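Below is one structure; the comments refer to it alone.
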Ligand SMILES: Cc1cc2nc3c(=O)[nH]c(=O)nc-3n(C[C@H](O)[C@H](O)[C@H](O)COP(=O)(O)OP(=O)(O)OC[C@H]3O[C@@H](n4cnc5c(N)ncnc54)[C@H](O)[C@@H]3O)c2cc1C
Ligand SMILES: Nc1ncnc2c1ncn2[C@@H]1O[C@H](COP(=O)(O)O)[C@@H](O)[C@H]1O
């Protein structure tokens, strides 16, 4: 079983702050992490490999990102992924989801795979689009937002619990398939010292635009159908009334009066 | 590559430094320098530069090709034999966009034996409903719906296509986008038309820390998934008339590569969906014990509200996952949101900060939720919520 896991390095969004005066993102000192949903994907890939491993089984992690994004590849390899591909080139910069998917898919196309597992979404952009777009470019089926995955005995089919708005549905498909991992799929392991040491010796391939062999016009910002016209801080909610609840009856009276005035109750 | 900076043209006015939202430009003597690890090529600097010293390389727009695309489409979604409320919200918004463009609103109704729903979309504001009725569309599958939507788009050339940002909408839209090599903007909370008749799509990013306006200048249709509950549907006008067109085409079962074996609902009997409710009573770890949930439930019942929970409450299994609000749960924007014993972590707020009115009750005066709350009470939920229930009952009885 050959499994590919696209992973992304993201800022720890909980620590991203906006400078209230300038409206700019303060990203200095904000730690970069392996996207939490991708951690679920890596964990699941390792588990599937362990359960269905033939000798030729392997988990490959792949990222498109700046030089420092290599950290998330090492983290995934420390967890147990076997090898990594780092797609990095200034030409890749500014890619929207379609070009990101295209860039990753053109590389994945050259590799062998039975299963691709993405995270549900990257917590910086929150789009949840790159996974399905990779699946479409590679012309394989997808099962998104999976909470549970089972591979058939013969290793030919996958059955997954896909989260829906009301609950979940059980979906079956023949491999190769692309899955996207959501919360509840597993508890990702923490890499141990042994894993971290081993990761350093695992194969890491670096791919730039030239090696990928896709023309510059189709990559990065230039290839992207969407453009960001403007970014701005969200309207700050002017934290409104705040009262002391020492006297619960009085607090309740004031609240209900406020809500009635607003016409919501 | 990407951004070209012409040092010779630069007058050193430093306006670009102010315009950059990502702190990617720095003063460098009497000129500037760019940090490409921070730059996202958003173009804010290019726009403010009075000397045209900054150029972002982009594609060129083929005006003639783009002019062939007209009308605003809504891909509606059926659940349990009825249209989801987001479909009506989108038709309402599409009406507004189409009026600005002087074009038509077309709703796509895909399913099996669904034609009876078409009328309601016209009442909501659609000029035309395209009905694709096929057994294979009875249940949502990525493949069947992608084939249906892409072939309609290819043959009829809409300018804009909107999808609800539901589990199925967000599964389908990127698939269609990739098949047609189109841009797609995820989970929009604002839509408008600019002077150049382009769709301006506004969406939050970085966990809601920043908003971005996104355009699709080079390709058509312009496509977006739109967050449920953001646009309010107008009152349906039952006197409105429009065209209902049945589109014939068949999708072969072999083209559908996934099989839905079972559908499991986790919606608890009598528990409203947080996405569709006007009022949500949401509890956090401050509720302490599952038996204490009776209190928010009583308040919810009184207000005909949905019950929600922060992530820890759902992780503990006290409420089903369908009721979790936040980044890894549901995004909601009700008229009224009660946060009971919720600290207001950014991941939670990302899912509820667009609520119209937020009420927070928390013992901790410093809890970040108070920064969002329109009405905050510093105090104990177990002392205050029963009083709120009494007071609402009293006020209601007086009316
Ligand atoms: C990738 C990621 C995704 C996440 N996604 C989500 C998400 O989707 N949704 C979500 O909610 N969280 C999410 N989280 C978790 C989030 O960071 C917080 O941990 C969580 O929201 C905290 O929940 P809470 O406010 O209920 O609990 P706490 O932070 O423990 O807050 C409890 C609050 O209750 C107050 N309190 C206690 N007793 C009382 C009382 N008797 N009366 C009044 N007040 C009282 C306390 O003062 C405290 O402020 C995510 C985290 C990560 C890393
Ligand atoms: N630059 C990238 N490199 C590798 N994988 C990515 C990249 N961007 C997104 N992905 C994958 O696609 C998923 C969805 O990302 P997004 O569509 O950006 O929310 C992520 O969880 C990753 O698995």
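Quick one: would you say residue B:66 is within 14 Å of another protein chain (Cβ to nearest Cβ) and in contact with a strand residue (DSSP E or B) (Cβ under 6 Å, 6 or more places away or on another chain)?
No.
Could you tell me which of the residues A:210, A:216 is more than 24 Å from the chain's Cα centre (by Cα), within 9 Å of chain B (Cβ to nearest Cβ) and over 30 Å from residue B:388 (Cβ atoms)?
A:216
Looking at the stretch A:67-75, is at least one residue closer than 21 Å to residue A:160 by Cβ, under 15 Å from the mean Cα position of the chain (by Cα) and either within 16 Å of ligand 1 (Cβ to nearest atom) or surrounded by 23 or more Cβ atoms within 10 Å (Cβ to Cβ) (or both)? Before the answer, list the steps.
Just the residues of the stretch A:67-75 that are closer than 21 Å to residue A:160 by Cβ, to begin with: none.
No: the stretch A:67-75 contains no residue that is closer than 21 Å to residue A:160 by Cβ, under 15 Å from the mean Cα position of the chain (by Cα) and either within 16 Å of ligand 1 (Cβ to nearest atom) or surrounded by 23 or more Cβ atoms within 10 Å (Cβ to Cβ) (or both).
Within the bounds of the stretch A:10-19, is there any residue that is away from ligand 1 (no atom under 16 Å from the Cβ), under 27 Å from residue B:209 (Cα atoms) and at pLDDT below 95?
yes
If you check residue A:105 against the conditions, is it within 19 Å of residue B:176 (Cβ to Cβ), surrounded by fewer than 24 Cβ atoms within 10 Å (Cβ to Cβ) and within 12 Å of ligand 2 (Cβ to nearest atom)?
Yes.
For the stretch B:115-181, which fully contained helices (runs of 4 or more DSSP H) count at least 3 residues that are under 21 Å from residue B:95 (Cβ atoms) and assigned by TED's automatic domain parsing to the domain that holds residue B:246?
Ranges flagged: B:118-124, B:142-156.
Do we find a residue being assigned to a helix (DSSP H, G or I) and either farther than 24 Å from residue B:37 by Cα or out of contact with any helix residue (DSSP H, G or I) (no Cβ under 6 Å at 6 or more places or on another chain) (or both) anywhere in the stretch A:86-95?
The answer is yes, given that some residue of the stretch A:86-95 is assigned to a helix (DSSP H, G or I) and either farther than 24 Å from residue B:37 by Cα or out of contact with any helix residue (DSSP H, G or I) (no Cβ under 6 Å at 6 or more places or on another chain) (or both).
Do you know which of the residues in the stretch B:335-353 that are facing another protein chain (nearest Cβ under 9 Å) and either away from ligand 2 (no atom under 16 Å from the Cβ) or without any contact (Cβ under 8 Å) to a residue 24 or more places away in the chain (or both) is farthest from residue B:312 (Cα to Cα)?
In the first step, residues of the stretch B:335-353 are kept if they are facing another protein chain (nearest Cβ under 9 Å); the result is B:335-336, B:345-347, B:350, B:353.
Pick out the ones that are also either away from ligand 2 (no atom under 16 Å from the Cβ) or without any contact (Cβ under 8 Å) to a residue 24 or more places away in the chain (or both) and you get B:335-336, B:345-346, B:353.
On the way: B:335: 24, B:336: 22, B:345: 12, B:346: 14, B:353: 19 Å.
It comes out as B:335.
Of the numbered conditions (1) away from chain A (no Cβ under 11 Å); (2) within 12 Å of ligand 1 (Cβ to nearest atom); (3) modelled with pLDDT of 90 or more, residue B:332 fails exactly one; give the number of that condition.
(3)
Filtering the stretch B:355-389 down to residues that are within 7 Å of chain A (Cβ to nearest Cβ) and free of Cβ contacts under 8 Å to residues at least 12 places away in the same chain, which residue is surrounded by the fewest Cβ atoms within 10 Å (Cβ to Cβ)?
B:383
Pick from the stretch A:157-186 the residues that are within 16 Å of the chain's Cα centre (by Cα) and more than 8 Å from chain B (Cβ to nearest Cβ): which of them is farthest from residue B:315 (Cα to Cα)?
Once the filter is applied, the top-ranked residue is A:178.
Looking at the stretch A:110-135 only, could you name the residues that are surrounded by fewer than 24 Cβ atoms within 10 Å (Cβ to Cβ), facing chain B (nearest Cβ under 8 Å) and away from ligand 1 (no atom under 15 Å from the Cβ)?
Listed by number, the list holds a single entry, A:127.
Under 6 Å between Cβ atoms, which residue pairs at least 6 apart in sequence (or on different chains) link something in the stretch B:28-47 that is more than 11 Å from chain A (Cβ to nearest Cβ) with a partner that is modelled with pLDDT of 90 or more and part of a helix (DSSP H, G or I)?
Short answer, once both residue conditions are applied: B:45/B:16.
Check residue B:251 against each of (1) crowded, with 16+ Cβ neighbours inside 10 Å; (2) more than 30 Å from residue A:13 (Cα to Cα); (3) without any contact (Cβ under 8 Å) to a residue 40 or more places away in the chain and name the one condition it does not meet.
(3)
Scanning for something at pLDDT below 90 and in a loop (DSSP other than H, G, I, E, B), does the stretch B:335-352 turn up at least one residue?
Yes, because at least one residue in the stretch B:335-352 is at pLDDT below 90 and in a loop (DSSP other than H, G, I, E, B).
Provide a single number: the residues in the stretch A:1-43 that are away from chain B (no Cβ under 14 Å), assigned to a helix (DSSP H, G or I) and touching a strand residue (DSSP E or B) at 6+ places or on another chain (Cβ under 6 Å).
2
The values are calculated or read from the model by the stated rules, or taken from the named source; none is laboratory data. Everything quoted here is computed from the prediction, not taken from an experiment. Methodologically, a virtual Cβ is constructed for each residue, glycine included, from the backbone with ideal geometry; neighbour enumeration extends over all protein chains shown.
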